Amino acid sequence: APSPTTAVPYMSVKCIDVRKNHHKTKWLMPWGPNHCEKLKDFDEAVSRQIEANDIVFAVHIPLPSKEMSPWFQFMLFIMQLDIAFKMDNDLKENAEITLDVSLAYRDDMFDDWEEIAHAIEIRKLKCTFGSPKTLESEGRHYDCDFLPFMEIGSVAHKYYLINIRLPVNERKGINVGIGEIKDIRLVGIHQNGGFTKVWFAMKTFLTPSILIIMVWYWRRITLMTRAPVLLEKVIFALGISMTFINIPVEWFSIGFDWTWMLLFGDIRQGIFYAMLLSFWIIFCGEHMMDQNERNRLSGYWKQVGPIAVGSFCLFIFDMCERGVQLKNPFYSIWTTEVGTELAMAFIIVAGICLCLYFLFLCFMVFQVFRNISGKQSSLPAMSKARRLHYEGLIFRFKFLMLITLACAAMTVIFFIVSQVTEGHWKWGDITIQVNSAFFTGIYGMWNLYVFALMFLYAPSHKNYGEDQSNGDLGVNSGEELQLTTTITHVDGPTEVYKLARKEAQE
């Protein structure tokens, strides 16, 4: 697959609009048959006595002779301002810029523009000036941070048009003390169509495979005479959450203008990760040989509680950002003081919960391995068949724990790398090229992991006799011995409980 996203730079064109009730009448096109009257620079505007309120920065998406496609899935725009230093028009400390922005679309080059959104947004300018502020430095540009500009969750139309105004009102202090703005640049980021097709194909292929193993797994459990144990229920719930991510509802986004798909995708991913983190805790807890409150969800509230709180915080944060963007694509929670503090609070609380979780998990894994090592020392005293049986169980558990740790490590690396990639537009020069193989690899890895769990932990539907399933095997016949060495998972995870009980009794 090609790389997941493409970034396209756009330079705005300065258009003259001398009519009143500006945005209600006509959209200003930067090029084409009905293009606007253009300005080269602001010196020309001063010489022609054109006011700042009559200048519109117009950006057409995409570039000439191209068109957008629903396969692009989303559009994210970052703004960069070119601000020059002038002695008589210096950039104030903590300056704020007010943007009057409008977004429109059309599907044919000769149709009228239809408005999607209009908003008046305020952005904080964070700029530094490398040289001393003297007459010699006039005309040099400030080094300004990128500003979040716009995000749309679907690309349902072929052509988009952005009109940006910088309204000036000296009495109200709007757009005063923001320096001399020379140009407005935008960077448009969208998903690659080729990557989208590979992604959809993977989802379409993986959905039935996980569904089939889920049906097979649950059928195995219902064939048992006993009720399902907690671990079996949690593995099944993990399978359901994996299927929820897999179901390729994104196919509908090609034909419908569903702007909520990004938010829906975040919620699906959040449910899966919360389920996965809960599973790891319960998986370790159920294998703790000396734990009394086994096979009950209520015994894990201390560990599952922080996961629930952290997930809820991230959900609220996502709703504050992407939820509001459904109505106003120009909105960003990071643009206001309160919003930034609120967002940081949510992220910090979720981070603390994650740290607590990992401390719990490491402690539980340590206890489980210590208990299993203790049990291994008593294995030589058992009969050969029984020893082989439990060696198989212990090997399987240790193997699964190592695979789990490898998967967790890969996921953490994936998160850090993807955050740095997104943050590249906010932080400056840090650039990491995330390969599409990384995205598809992590996604395929989790499917394989859930598939393997259900396969390894499905209880055997065959009955080898009560004595044998309890592990009280004599070395009576070669046939019995053979069965025990190969069938290491009779009655599923309850075998580990049986091992614990036997050792306690002995």
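Observations on the model:
- Violating pairs (Cα-Cα greater than 29 angstrom) within the set Lys182/Lys327; Lys197/Lys233; Lys302/Lys398; Lys124/Lys203; Lys133/Lys172: Lys182/Lys327; Lys197/Lys233; Lys124/Lys203
- With all protein chains kept in place, the per residue accessible area of region 192-455 amounts to 50 square angstrom at a probe of 1.4 angstrom.
- Percent accessible area from carbon and sulfur atoms, region 1-81, protein chains only, probe 1.4 Å: 54
- The simple Förster model, with R0 at 30 Å and r as the Cβ-Cβ distance, assigns Phe395 and Arg219 a FRET efficiency of 0.65.
- Where labels lie 7 Å past Cα in the beta-carbon direction, separation of Met87 and Lys327 in nm: 4.9
- Centre separation in Å (Cα based) which lies between region 230-290 and region 305-327: 16
- Region 6-91: relative contact order as a whole-number percent, Cα under 8 Å and 6+ apart: 33
- Contour minus Cα-Cα distance for Glu44 and Val187 (0.36 nm per residue): 48.8 nm
- Furthest towards positive pole of dipole, Val304, Phe397, Leu263, structure part region 192-455, Cβ charges: Phe397
- Volume in Å³ per residue [convex hull over Cα atoms, computed for region 44-187]: 145
- Region 178-286, relative contact order [Cα under 8 Å, separation at least 6], %: 31
- Applied to region 53-67, the Karplus parametrisation 6.51 cos²θ - 1.76 cosθ + 1.60 on θ = phi - 60° returns per-residue 3J(HN,Hα) values of 5, 9, 10, 10, 8, 10, 10, 9, 10, x, 5, x, 6, 10, 9 Hz, with x for Gly and Pro.
- Dipole of region 313-389, positive end: most advanced residue of Leu326, Tyr357, Phe346 [Cβ charges, Cα centre]: Tyr357
- Residues of region 147-162 with amide N under 20 Å of the 7 Å Cα→Cβ point at Lys126: 147-151
- Vicinal HN-Hα couplings computed from phi for region 172-178 (Karplus, 6.51 cos²θ - 1.76 cosθ + 1.60; Hz; Gly/Pro x): 8, x, 8, 6, 10, x, 10
- Computed magnitude of the charge dipole of region 218-342 (debye, nearest 20; Cβ of K, R +1, Cβ of D, E -1): 660
- Note on region 3-189: with charges restricted to the Cβ of Lys and Arg (+1) and Asp and Glu (-1), its dipole about the Cα centre is near 120 debye.
- Applying 1/(1 + (r/R0)^6) with R0 = 35 Å to the Cβ-Cβ distance of Ile403 and Cys320 gives a FRET efficiency near 0.45.
The values are calculated or read from the model by the stated rules, or taken from the named source; none is laboratory data. What you see is a predicted model, and the numbers here were worked out from it, not measured in a lab. Methodologically, a virtual Cβ is constructed for each residue, glycine included, from the backbone with ideal geometry; neighbour enumeration extends over all protein chains shown. Just so you know, the surface numbers come from the protein's heavy atoms only, side chains and all, with ligands and any DNA or RNA stripped out. Shrake-Rupley method; radii C 1.70, N 1.55, O 1.52, S 1.80 Å.
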